[in-house]
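S.K.: My questions all concern the structure below.
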Amino acid sequence: MQQNETPLFTGLLEHANKNPIQFHIPGHKKGTGMDPEFRAFIGDNALSIDLINIGPLDDLHHPHGMIKEAQDLAAEAFGADATFFSVQGTSGAIMTMVMAVCSPGDKIIVPRNVHKSVMSAIIFSGATPVFIHPEIDPKLGISHGITPEAVSKALAQHPDAKGVLVINPTYFGISANLEEIVSIAHNYEVPVLVDEAHGVHIHFHDRLPLSAMQAGADMAATSVHKLGGSMTQSSVLNVKEGLVSAKRVQTIISMLTTTSTSYLLLASLDVARKRLATEGYELVEQAVRLAEKTRNQINNISPLYCVGDEIIGTNATYDYDPTKLIVSVHDLGITGYEAEIWLRKEANLEVELSDLYNILCIVTPGDNEETTSALVYALKDMVEAFREAVGSNPKLFAVHVPDIPVLAVSPRDAFYSDTEIVPIEESAGRVIAEFIMVYPPGIPIYIPGEIITEENLQYIEENIEAGLPVQGPEDDELKTLRVIKEYKAIK
Ligand SMILES: Cc1ncc(COP(=O)(O)O)c(C=O)c1O
């Protein structure tokens, strides 16, 4: 099969064109049994391929026909030995990666600022996390990835770890020297699992950071839906065999996946792969050029600062993705949150994310001069508006990271323990049973199983006083914390 073919999408169309009389689910039966307003809006084309795994349409759980062909083409396009389609986002693919290498009690080396799906998988598998601090960028107030040096140190102390998980590139588009990290881990025969949620496109253009598969990683959970043109919730899990087994991965992804897999999502992965494989270079090139032009225009709007390739050159900032526009609004005297709200209300413009100092805007093949000019004009107007009406003037809050507390019991044991609620001021010394995070920089202060310390309680207080969102605990006023119950001796 060739990369310009789409076996799954084409197979679905051929099936739908036969117009079979359907006595199977979905019960809306090509839309005729559905709410008419929704049907009219979605359209009969989409509903005609909203099908499930009947005989001619293969089965994601045991692929041997059109899904297998589509996955094989994807593996070729991504340079993997095997590719698995995920209809449960990159979260589902990440959980599969962790559970494919970790059994109860196994160690896994992870950055402290991992996505919640990694922590979920650690709880499900019963693994013990060995945390590495990500590097913090004090100027931007964001965290980058982990360095090869930190991975080297972690593996020297924990050579029995079952995996090293790396976020590459980060949400902000920054990447570490992944090739070096892979080489260090492989010296210990430890597989490297990459959270590539923000990097599906990087594989298809040589100006972008190396993709996980190019860097020799063993698995990568890659959001095709985020930046690769497929529908929301559709991702891939790429595997290089050797240190991990594709068969094991198939078993685990199947255990975590619905039996009613959406063919709309699957078909959208098939066509996105075709477009990336056959036109990816030109499409990414166009997005990079547009982003570069926009970056220059934003940097002419004083006092905004849009990060460029000057960010490269530290141990944690080996390369970056120029299609990500990180715009620091700090010198305008407002927070990124205020900028996001202003742009929503006054310019009908939605950003990807905002934090204390920055907003993040992404440029993709879906953009053109018209959309990027709208962004530039909106930012100009925003600067004028805040020059007159001064924002909250955020102090240059020194973003630092909390100490990583001692893990007393595994996150899984903490999660399943009997718990009780105690006032926060009486919680020091107890073992926490919930998560507490602060954003930015998006690093957990506590995960279940860690011992609460006075220092980190102080850190929480400082963050609340600075107006930063402290998230996670059941009591969002943070007056109480859920901790593991202590049973007193019976007299
Ligand atoms: C770094 C990172 N990893 C994983 C995910 C999960 O991806 P998905 O939403 O496709 O499940 C996200 C989502 O935003 C993310 O930012």
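S.K.: Find how many whole Å separate the alpha carbon centroid of region 419-491 from the alpha carbon centroid of region 261-289.
M.R.: Region 261-289 and region 419-491 have Cα centres spaced 43 Å from each other.
S.K.: Mind giving me the nanometre distance, one decimal, between the label points for residue 466 and residue 232, set 7 Å out from Cα along Cα→Cβ?
M.R.: The two pseudo-label positions are separated by 3.2 nm.
S.K.: With each label point set 7 Å from Cα along the Cα-Cβ vector, what nm distance links residue 183 and residue 406?
M.R.: It works out to 3.8 nm between the two label points.
S.K.: Given q = 0.12 Å⁻¹, what are the Debye log10 I(q)/I(0) values for the chain, with equal point scatterers placed on the Cα positions and solvent ignored?
M.R.: Results for the chain at q = 0.12 Å⁻¹ read -1.18.
S.K.: Test of understanding: what is the full-extension gain from residue 348 to residue 282, defined as 0.36 nm times their sequence separation minus their Cα-Cα distance?
M.R.: Gain on extension, residue 348 to residue 282, equals 20.8 nm.
S.K.: Let me ask something else about it. Among 204, 221, 85, which residue has its Cα positioned farthest towards the positive end of the charge dipole of the chain, with +1 placed on the Cβ of Lys and Arg, -1 on the Cβ of Asp and Glu, and the dipole taken about the Cα centre?
M.R.: Value: 85.
S.K.: Taking the Cβ-Cβ separation of residue 29 and residue 258 as r and a Förster radius of 30 Å, what is the calculated FRET efficiency to the nearest 0.05?
M.R.: For residue 29 and residue 258, the calculated efficiency is 0.90.
S.K.: Tally up the carbon and sulfur contribution to the accessible surface of region 78-198 as a whole percent, 1.4 Å probe, everything protein left in place.
M.R.: Here carbon and sulfur together make up 51 percent of the probe-accessible area.
S.K.: With θ set to phi - 60° and the Karplus curve 6.51 cos²θ - 1.76 cosθ + 1.60, what are the ³J(HN,Hα) couplings of region 470-475 in order, to the nearest whole Hz, using x for Gly and Pro?
M.R.: My calculation for region 470-475 gives 9, 10, x, x, 4, 8 Hz in order.
S.K.: Can I ask one more? Placing +1 on the Cβ of each Lys and Arg and -1 on the Cβ of each Asp and Glu in region 289-368, which of 332, 360, 302 has its Cα farthest towards the positive end of the resulting dipole?
M.R.: Looking along the dipole axis, the top candidate is 302.
S.K.: Where does region 1-133 land on Rg(C-alpha)/(2.2 N^0.38 Å)?
M.R.: 1.39
S.K.: Under a 5 Å amide H to amide H cut-off, with H placed in plane at 1.01 Å, what residues pair with residue 453 once short-range neighbours are removed?
M.R.: Answer set, sorted by chain and number: 429.
S.K.: At 0.36 nm per residue, minus the direct Cα-Cα distance, what do residue 485 and residue 376 gain on full extension? Give it in nm, one decimal, please.
M.R.: Extending this stretch completely gives an extra 33.8 nm.
S.K.: Which percent of the accessible area of region 209-321 is formed by carbon and sulfur heavy atoms (probe 1.4 angstrom)?
M.R.: 51 percent
S.K.: Among 487, 53, 348, whose Cα projects farthest towards the positive end of the dipole of the chain, with charges put on the beta-carbon of Lys, Arg (+1) and Asp, Glu (-1)?
M.R.: Looking along the dipole axis, the top candidate is 53.
S.K.: Under the rule of at least 5 residues apart or a separate chain, name every residue whose amide H is placed under 5 Å from the amide H of residue 329.
M.R.: Close amide H contacts, sequence-distant or interchain: 358, 359.
S.K.: Need one number for region 256-335: average projected area of the convex hull over its C-alpha atoms, nm².
M.R.: 9.3 nm²
S.K.: Given H placed 1.01 Å from N in the peptide plane, which residues other than close sequence neighbours of residue 86 have an amide H under 5 Å from its amide H?
M.R.: HN-HN under 5 Å from residue 86: 235, 236, 237.
S.K.: Skip the ligands, DNA and RNA, and give the accessible area per residue of region 399-491 with a 1.4 Å probe, whole Å².
M.R.: 54 Å²
S.K.: Be a star and scan region 295-314 for residues whose amide nitrogen sits under 12 Å from the point 7 Å along the Cα-to-Cβ vector of residue 387.
M.R.: From region 295-314, the list is 301-304.
S.K.: Taking a quarter of the surface of the convex hull around the Cα atoms of region 428-491, what do you get in nm²?
M.R.: Over all viewing directions, region 428-491 projects a mean Cα-hull area of 4.7 nm².
S.K.: Which part of region 310-327 falls in the paramagnetic zone of residue 149, meaning amide N under 18 Å from the point 7 Å along Cα-to-beta-carbon?
M.R.: 312-319
S.K.: Using +1 on the beta carbon of Lys and Arg, -1 on that of Asp and Glu, and nothing else charged, what's the dipole of the chain about the Cα centre, debye to 20?
M.R.: 980 debye
The values are calculated or read from the model by the stated rules, or taken from the named source; none is laboratory data. Keep in mind that what you see is a predicted model, and the values were worked out from it rather than measured. Please note: Cβ atoms are built from the backbone with ideal geometry, for glycine as well, and neighbour counts cover all protein chains shown. Accessible surface areas use protein heavy atoms only, side chains included; no ligands, DNA or RNA. Shrake-Rupley method; radii C 1.70, N 1.55, O 1.52, S 1.80 Å.
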